[in-house]
Amino acid sequence: MIAEFGHIALVMALLMALLQGTFPLMGASQGVSIWMSVAKPAGRAQFLFLLASFGALTACFVNNDFSVEYVARNSNSALPLYYRIAAVWGSHEGSMLLWATILGLWTAAVTVFSRSLSEDFLARVLGVMGLVSVGILLFILYTSNPFERLAPAPPDGNDLNPLLQDFGMTVHPPMLYMGYVGLSVAFAFAIAALLGGSLDSAWARWSRPWTLVAWTFLTGGITLGSWWAYYELGWGGWWFWDPVENASFMPWLVATALIHSLAVTEKRGAFKTWTVLLAIFAFSLSLLGTFLVRSGVLTSVHAFASDPTRGLFILILLAIVVGGSLLVYTLKAPGVRDVARYSLVSKENLLLLNNILLVTASASILLGTLYPLILDALKLGKISVGPPYFGAVFAPLMAPIFLLAGIGPMFAWRESSIGRILHRVRYLFPASFAAGVALAALAWNEADFKMMAGLGCAFWLAASALLSLWTRLRLREGWLEGLRAQSPSVYGMTAAHLGAAVFLVGAVLSDRLSQEKLVRMAPGDSVTLSGYSFHFLGTETLQGPNFSAQQATFRVERDGKSLELKPQKRNYKVQRNMMTEAAIDPGLTRDLYVALGEPLDKNAWSVRLYVKPFIRWIWAGGLFMIAGGLLSVSDRRYRLPLREARAVPGQAAAARAS
Amino acid sequence: MMTPRRKRMLWVALMVAGVAIAAFFALTAFQKNLLYFYTPSQVASGEAPKGYPFRIGGLVVKDSVKREPDSLTVRFEVSDGPSAVAVRYTGILPDLFREGQGIIAVGQVDDAGTFQASEVLAKHDENYMPPEVAESLKKNGQLPADYSEYQKK
C-alpha cells in the first residue's frame, strides 16, 4: 500500500510541476496576475507531494518491504536501520527521487524567501524550475520508477553495495545533490531575468546568496567524496580524476567563476551576459554530471549498471535544457547593455581573467572526460585519458589563479594602479618566494621545484589574503572597530582564499612527501617506513551484522611511542563482496595508513603501508571554503527588502566593500 | 606612447597568447596520455602496439591465477573467448579481482608477448563488467547468461 501511495504522490507532484511550469510563465508574459499567482502554491504543493513520495520509499526500506523491487535489490533484513535509510539513495531510482525531492526543497525555499522579488520575476523563476522538475519527474516515472513491485516477493533483499555502507557515503550524495540542484536556482534566475529583460544589479543581488549556498553544498559534497575515497577505497589517494569526480568538479569550477562574476554584476553592473552564460553552463554541467553517472557509458567506481534508454532520456533532457536556454540567450542577450565603464587595470578585468582561467580549466576537464565517449560513439576506437593528462593541464592553469587570488582583493573597482599594488606587495612577493624555497629546503631538506612552487603559492595566497584584510581594518580608528565594520562577505572571501591556500599545502606536501610500501608480511614481520616501524602482530576473525571480517593488528612505533592500527578485510555475505577497510591514524602533520591486500600463503598478507604528510589539510581547506561560503551568505545585504537595497546605491555598497 | 586602444589590443593579444599556450599544453598532455583499448584477440593477432601502453580487458581465465612465492607478483590470463593473453602484475589486486571476473589492465606487451600490467582494475560489484569488456564478449558470443538479466535491473 505504502509503495502505491508513494507512486501516486509522485504523479501528483508531476501534475503540480506542470501547473507550476506553465501558467506562471504564460501569466508573466501576458501580464495576467491570477495565472502568476499559481506559482507559489503549486511549488509548495509539489514539494509536499515529493516529500510524501520520498517518505513512502523510506518507509518501504524501514519496513523491509521486499515486494518493492528497488528495496529488494538494495537492502537486506540484516542491514542496520541507519544504512537501510541511507539505502534509499543507494542506487539509481532512489537517488533520482532524492534529486527531484531536493529540487522541490529548493523550489519551496524560493517561495519562502522571495518577499523582495517582483511578482512576474518570481513567477518566471518558479516557472523555469517547474519545467526542470517536469523533465526529471517524467524521467523517474517512465524509466526509473522506484515503487515498482516484484512478484513473487523474494524472502530477503540483495543488500546495499558494501562500498556504500559507510558514514561518508551516506551523507555525500544528498550534499552533492543539494549543490547540483541548487545551481538550478541560479539557472532559473538567469533565464527569468533574460525573459523579463530585468538583467540588472538587483537580479545579481538576488541570485548571489542562492548561488553561494549551492556552491557551499557542492564544495561540501566534493570534499566529503574525496575524504570517503581516501579512507574507503583503500588506495590511499584522495582524487583519481575519475570521470564521475570530474562530473562534480566541472560544475564546481564554473560555479566558482559564477560567484565571482556575480559580484561584478552586482557591484558594477558589468559582465551581465557573461554571468548569465555561466549560470546556464553551471547547471548544464550538473545535468551532464547526472547523465555521465547514470547512463553507464563510463567505466568508473560510480558507474551503476543501467540501461541505455535512461541515458538517452537524460541526453534529450540535457539537449532541451541547454538548447532551450541558449536559444533564449541568443534571442534576448543582444538587447542587454553593460553600462559600467572600467579601465584596463581594475578589479573587473582581474575577475574576468579569473573567470577565463576557471572556465578553461573546466573545459580541459570536459575534453578529457567527453573525448573518449565521443570517439566511442563514432566507432573510432576505444580510448581512455590517463590521470597524468589532468595533472599536466591543471597545474599550469591553477598557478595563475592562486597568484591572482592573492592580489585580486587589493585592486579597486573601476580603476587601479599597478604601481600601487606592486608597492603594496613589495615585501610580500619576495617573502613568498623565499618562504617557498626555505620551507621546502629546510624543513624537508629537499630541492624540489614543485614543492617550492606550491608552498610559495600557498604562502603568497594566505599572506596576501591576510594583508588585504589588514589594510581594510587600518582604514578605521582602531582594529576592533575595523573588525566590526567589515561586512561578513569580506570575511567569507578571506576564509575561502585561506582555504585554497590550506588545500594547496595539503595537496603539494602529500603528493611530494608521501611514502608508500606494498609488502608481503607474515605475523611477526616488521617494516620501517619514513621513521615509523610497522609490526604485523596477527589476524583474527570478527563477525559484523551482515559481514564477517579478518582483522589484522599492527603496532606502529616511533621514538618510543606506539599505537595500534586494525585494518580489516570484510566479506559481505549477501553480495559475496570483499571490502578493504583501511586503518588510519589521522594527524595534523601526517596520516598513518594501513590497508590489507590479499591473504597469501603461510598466513602472510600483502599489505599497503602509507605515511601521508599533511593530507588532512586538503579537506581542512574544503572546510575553510565552506565556512567562507556560509559567512558570505550571512551578509545582511542579501536580506534587505528591495526598497532599502535600492536606497543603497551601487557606489555606496562598492565603497563599503573595497 | 600607448593609447588606450593600443593598450587594449595588447591586453587582448596577451590573453590570446595565454589561451594558445594553455591549449598547446593541454593537447600535448592529451596526446601523451591517450590509452587505447584492445581485446585479447587483437593483441594475439598483433594489432596492439609494442612499447606503448594501452588497456586490455576480458575475463580472468579460470585456474590461471598463479602467484610467485614470497613476492607480490601474480600471473594470470585474460580472455575474450577466442584468445587469451598472459598478464604479469606486481602489487595488490583489487578487492573484486577473481577468476571469471571481467577486468581491465593497463600496461604494455613485452618481447615475450606477456602483458606487463602497471594497474589492474576490477570495479564495483561481482556482476559489473566494464562496458568495453561486455561488448567484446558479446561480439564473440561469450557473454555470461546472467549478464543481460543483470543489465535490465
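The values are calculated or read from the model by the stated rules, or taken from the named source; none is laboratory data. Just so it is clear, the model here is predicted, and its values are computed rather than measured. Cβ coordinates were reconstructed from backbone atoms using ideal geometry, including for glycine residues, and neighbour counts include every protein chain displayed.
Brief remarks on what is shown
- Hits in region A:549-572 - residues which are in a strand (DSSP E or B) and closer than 18 Å to A:ASN603 by Cβ: A:ALA549, A:GLN550, A:GLN551, A:ALA552, A:THR553, A:PHE554, A:ARG555, A:GLN568, A:LYS569, A:ASN571
- Residue tally, condition modelled with pLDDT under 90 and either of a type in the set (Ser, Thr, Tyr) or touching a strand residue (DSSP E or B) at 6+ places or on another chain (Cβ under 9 Å) (or both), over region A:274-332: 6
- A:ARG484 satisfies every condition listed in (1) surrounded by fewer than 18 Cβ atoms within 10 Å (Cβ to Cβ); (2) outside any loop (DSSP other than H, G, I, E, B); (3) at pLDDT 85 or above except (3).
- Scanning region A:368-403 for residues that are more than 11 Å from chain B (Cβ to nearest Cβ) and either buried (at least 18 other Cβ atoms within 10 Å of the Cβ) or part of a helix (DSSP H, G or I) (or both) returns A:THR369, A:LEU370, A:ILE374, A:ALA377, A:MET398, A:ALA399, A:ILE401, A:PHE402, A:LEU403.
- Search result, residues across region A:593-631 that are within 24 Å of A:GLY454 (Cα to Cα) and within 13 Å of chain B (Cβ to nearest Cβ): A:TYR610
- Some residue of region A:504-524 being within 14 Å of chain B (Cβ to nearest Cβ), more than 27 Å from the chain's Cα centre (by Cα), exposed (fewer than 15 other Cβ atoms within 10 Å of the Cβ) and outside any strand (DSSP E or B): yes
- One residue alone among A:TRP239, A:TRP235, A:TRP227 is farther than 22 Å from A:VAL359 by Cα and out of contact with any Gly (no Cβ under 8 Å at 6 or more places or on another chain), and that residue is A:TRP235.
- Of all residues assigned to region A:604-622, none qualifies as being surrounded by fewer than 16 Cβ atoms within 10 Å (Cβ to Cβ) and at pLDDT below 90.
- Checked against (1) modelled with pLDDT under 80; (2) closer than 30 Å to A:PRO400 by Cβ, B:ASP70 passes all but a single condition, namely (2).
- Against the numbered list (1) closer than 26 Å to A:LEU194 by Cα; (2) aliphatic (A, V, I, L, M); (3) over 31 Å from the mean Cα position of the chain (by Cα), A:ILE8 comes up short only at (1).
- Checked against (1) of a type outside the set (Lys, Arg); (2) over 30 Å from the mean Cα position of the chain (by Cα); (3) part of a helix (DSSP H, G or I), A:GLY406 meets all criteria but (2).
- Pairs, first more than 14 Å from every other protein chain (Cβ to nearest Cβ) in region A:568-591, second part of a strand (DSSP E or B) and of a type in the set (D, E, K, R), C-beta under 6 Å, six or more apart: A:ILE584/A:ASP591; A:ASP591/A:LYS612
- Of the candidates B:VAL16, B:VAL43, the single residue that is more than 10 Å from chain A (Cβ to nearest Cβ) and over 20 Å from the mean Cα position of the chain (by Cα) is B:VAL16.
- Any pair with Cβ under 7 angstrom, 6 or more apart, that starts in region A:46-75 at a residue that is farther than 13 Å from A:ALA87 by Cα and ends at one that is of a type in the set (Ser, Thr, Tyr) and part of a helix (DSSP H, G or I): A:GLN46/A:THR107; A:GLN46/A:SER133; A:PHE47/A:THR107; A:LEU50/A:THR101; A:LEU51/A:THR101
- The lone criterion from (1) outside any loop (DSSP other than H, G, I, E, B); (2) aliphatic (A, V, I, L, M); (3) under 21 Å from A:GLY234 (Cβ atoms) left unmet by B:VAL85 is number (3).
- Within region A:117-165, the set of residues being closer than 30 Å to A:TRP227 by Cα, within 14 Å of chain B (Cβ to nearest Cβ) and not polar (S, T, N, Q) comprises A:PRO146, A:GLY157, A:ASP159, A:LEU160, A:PRO162, A:LEU163, A:LEU164.
- Selected residue (criterion: farthest from A:SER118 (Cα to Cα)) from residues of region A:1-57 that are of a type in the set (S, T, N, Q) and surrounded by fewer than 22 Cβ atoms within 10 Å (Cβ to Cβ): A:THR22
- Some residue of region B:66-76 being surrounded by 17 or more Cβ atoms within 10 Å (Cβ to Cβ), within 13 Å of another protein chain (Cβ to nearest Cβ), within 17 Å of the chain's Cα centre (by Cα) and outside any strand (DSSP E or B): no
- Any hit, region A:439-453, residues being within 18 Å of A:ASP511 (Cα to Cα), within 28 Å of the chain's Cα centre (by Cα), surrounded by fewer than 22 Cβ atoms within 10 Å (Cβ to Cβ) and modelled with pLDDT under 85: yes
- Looking across region A:541-567, just one residue is farther than 18 Å from A:MET521 by Cα, more than 14 Å from chain B (Cβ to nearest Cβ) and touching a Phe, Trp or Tyr at 6+ places or on another chain (Cβ under 6 Å), and that is A:ARG558.
- Region A:563-605, subset of a type in the set (Val, Ile, Thr) and within 18 Å of A:TRP238 (Cα to Cα), residue farthest from the chain's Cα centre (by Cα): A:VAL594
- Among (1) more than 8 Å from chain A (Cβ to nearest Cβ); (2) modelled with pLDDT under 80; (3) under 16 Å from the mean Cα position of the chain (by Cα); (4) surrounded by fewer than 21 Cβ atoms within 10 Å (Cβ to Cβ) - the single one B:GLN108 does not satisfy: (2)
- Some residue of region A:181-191 being surrounded by 24 or more Cβ atoms within 10 Å (Cβ to Cβ), out of contact with any Gly (no Cβ under 6 Å at 6 or more places or on another chain), assigned to a helix (DSSP H, G or I) and polar (S, T, N, Q): yes
- Taken across region A:491-499, residues that are out of contact with any Gly (no Cβ under 9 Å at 6 or more places or on another chain), buried (at least 20 other Cβ atoms within 10 Å of the Cβ) and among the β-branched types (Val, Ile, Thr) do not occur at all.
- Only one of the numbered conditions (1) under 23 Å from the mean Cα position of the chain (by Cα); (2) under 30 Å from A:LYS573 (Cβ atoms); (3) surrounded by fewer than 24 Cβ atoms within 10 Å (Cβ to Cβ); (4) not polar (S, T, N, Q) is violated by A:ALA108, and that is (2).
- Any hit, region A:81-103, residues being free of Cβ contacts under 8 Å to residues at least 12 places away in the same chain, surrounded by fewer than 24 Cβ atoms within 10 Å (Cβ to Cβ) and part of a helix (DSSP H, G or I): no
- Tabulated pairs, region A:331-351, first more than 20 Å from A:LEU277 (Cβ to Cβ), second assigned to a loop (DSSP other than H, G, I, E, B) and not aliphatic (A, V, I, L, M), C-beta under 6 angstrom, 6+ apart or interchain: A:SER343/A:GLU415; A:VAL345/A:SER416; A:SER346/A:ARG414; A:SER346/A:GLU415; A:SER346/A:SER416; A:LYS347/A:PHE411; A:LYS347/A:TRP413
- Picking from residues in region A:409-421 that are in contact (Cβ under 8 Å) with a residue 12 or more places away in the chain and outside any loop (DSSP other than H, G, I, E, B), the one that is farthest from the other protein chains (Cβ to nearest Cβ) is A:PRO409.
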